[in-house]
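Have a look at the structure below before the remarks.
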Amino acid sequence: CSNPQLSIVSRDGDAPSSLTPGALSMSARERMALTVNEIVASLIAAHESGKDVNLNRLKCDISQKHGLSSQPKLVDIIAGVPAQYK
């Protein structure tokens with residue numbers, strides 16, 4: 001997670017202005033939920049296609065994409081996985 005252009009987020013969790021307009025209207029909590037959902041969807045897609053995933057890289061990339069100053073916790077990601085995949 002060392003792309004300085006993407007990791008610029010204010011201390012209050014507001015998104016940088018380079019994000020899409022829809023992302024700017026969301027709170028940090030909403031962006032975190034969206035991030036978790038996207039991570040889970042990526043994990044499910046990788047599982048169904050039999051591919052390995054670097055979870056740390058995935059968390060970093062998707063968190064930056066949504067303008068978060070921190071990554072979701074593993075417990076939050078696990079909680080977002082549907083029961084049929086646990």
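Bear in mind these aren't lab numbers, they're just calculated from the coordinates by the rules spelled out. Treat the numbers as computed from the prediction; the structure is a model and nothing was measured. Because the Cβ atoms are built from the backbone with ideal geometry, glycine has one as well, and the counts that use them run over all protein chains shown.
Packing order of peptides 71-82, 41-52, 56-67, highest average first: 56-67, 71-82, 41-52 (average count of other Cβ atoms within 10 Å over each peptide's residues). For segment 47-73, the residues whose amide N sits under 20 Å from a probe point set 7 Å from the Cα of Glu30 along the beta carbon direction are 62-72.
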